[in-house]
């Protein structure tokens, strides 16, 4: 069994952190306060009311923490509303990256940057390739699933979550993020067994 190096016994109390110098509460606070990269995604037909109800609080918390944001350049829906919200909140464009598509057939052409001021990343391929890159390049998701999509994993095994695929959109983004978590747990378990 692998020896845990990130916590030690000190004065009868378990200690955490790289140096073993934090209480559990201090360690949790340190983790919770670290800036992350948030992948913002959602429905293309999202209403302003739904955006306000399901995204504003999450965005406010992550803006305050100093998180960075990545999103697709879909030109519609949640991405447009999120970009406008971040702009109104005076989030530095350096904290925002917009992912654009470049079809494989046009891989040698030059893309015009229509998002002046924001960081951009071009993904060669299709929408699925872009969404996979967004999930891979982020730590967390800011997304909301409508009632019909909400219980997508109910009754599924871990293997089911890893192997199922949905049409592109927020439900597939949520499935992909869950699969990453499952894969990490499986790798961790393999390391300790």
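The values are calculated or read from the model by the stated rules, or taken from the named source; none is laboratory data. Just so we're clear, the structure is a prediction, and the values are computed from it rather than from any experiment. Note that each Cβ is placed from the backbone with ideal geometry, even for glycine, and that neighbours are counted across all protein chains shown.
Contact map, segment 10-32: residues that are within 24 Å of residue 65 (Cα to Cα) paired with residues that are in a loop (DSSP other than H, G, I, E, B) and modelled with pLDDT of 75 or more, Cβ distance under 9 Å, separation 6+ or inter-chain. Pairs shown: 16/23. Of all residues in segment 33-75, those satisfying the criterion of being in contact (Cβ under 8 Å) with a residue 12 or more places away in the chain, loosely packed, with under 15 Cβ neighbours inside 10 Å and in a helix (DSSP H, G or I) are 33, 48, 56, 60, 65.
The residues of segment 120-153 that are out of contact with any helix residue (DSSP H, G or I) (no Cβ under 7 Å at 6 or more places or on another chain), modelled with pLDDT of 90 or more and assigned to a strand (DSSP E or B), listed by number, are 120, 121, 122. For segment 102-118, taking the residues that are modelled with pLDDT of 65 or more and more than 17 Å from residue 40 (Cβ to Cβ), the one that is surrounded by the fewest Cβ atoms within 10 Å (Cβ to Cβ) is identified as 116.
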